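Structure first, commentary second.
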Amino acid sequence: FGRSYGKRISGQVFKHGQEIDVSSIDKAIDNGIAYATEDRKTYGLILIDDIKNNVTLANLNAITKNAVINEPQELMVAGEYRDKLNIKCSSILQKTVNLSGGNQQKVVLSKWLFAEPEILLLDEPTRGIDVGAKYEIYTIINQLAAEGKGVILISSELPEILGVCDRIYVMNEGKIMGEMPKAEASQEKIMQV
């Protein structure tokens, strides 16, 4: 949050009309905001760790009592997200490095969904994954929106934007250049902004 284009960018963030503090990852999570980075291998996952630990990483407080992780609960949570997001794996104890790109991305989404955000920022969520996994990710995004979650999709793929988004903002170097509702949007109009 807040570091982009080689420099620190600042501003105010409002949710439900109230200014919120997103100056750190912990504060953003506490305020119901989650960010799934475009670089899942470097910043989104601990590749040498298993699926279970990656899924629960952003919300350890939910499975911890007196600074001790409730491992049966952690196993249960990871199993639920494996089933819910259709993560294809031999076991939730499998290392995430051994998963396909699409399944790694589902683990990243699971991690942030377990944190129960009201707003989920997804930065290039389908980069480097196969067509089948892309469809599954789009389905998850649509389900989240149907549940009333705010989903902000950052993507350089125009068909993805046109297929998933309700409202489109065109940005250049951190500045909003234009905005349009889905009904008025086309690849040509987006490129003209």
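The values are calculated or read from the model by the stated rules, or taken from the named source; none is laboratory data. Please read all numbers here as calculations on a predicted model, not as lab measurements. Note that each Cβ is placed from the backbone with ideal geometry, even for glycine, and that neighbours are counted across all protein chains shown.
Every condition in (1) surrounded by 13 or more Cβ atoms within 10 Å (Cβ to Cβ); (2) modelled with pLDDT of 95 or more holds for residue 90 except the one numbered (1). Scanning the stretch 147-160 for residues that are more than 14 Å from residue 113 (Cβ to Cβ) and of a type in the set (A, V, I, L, M, F, W, C) yields 152, 153, 154, 158. Condition test on residue 18, is it out of contact with any Phe, Trp or Tyr (no Cβ under 7 Å at 6 or more places or on another chain), of a type outside the set (D, E, K, R) and under 30 Å from residue 130 (Cα atoms)? When the stated conditions are applied, residue 18 does not pass them. Taken as a whole, the condition of being at positive phi and surrounded by fewer than 16 Cβ atoms within 10 Å (Cβ to Cβ) applies to residue 173. Of the numbered criteria (1) closer than 19 Å to residue 149 by Cβ; (2) modelled with pLDDT of 95 or more, the one residue 51 fails is (1).
In this structure, is residue 52 of a type in the set (D, E, K, R) and touching a strand residue (DSSP E or B) at 6+ places or on another chain (Cβ under 7 Å)?
Values: of a type in the set (D, E, K, R): yes; touching a strand residue (DSSP E or B) at 6+ places or on another chain (Cβ under 7 Å): no.
No.
Take residue 84 and tell me if it is crowded, with 19+ Cβ neighbours inside 10 Å and closer than 25 Å to residue 139 by Cα. No: the conditions fail for residue 84. Candidates in the stretch 97-135 are the residues that are surrounded by fewer than 21 Cβ atoms within 10 Å (Cβ to Cβ) and charged (D, E, K, R); of these, the one that is farthest from the chain's Cα centre (by Cα) is 130.
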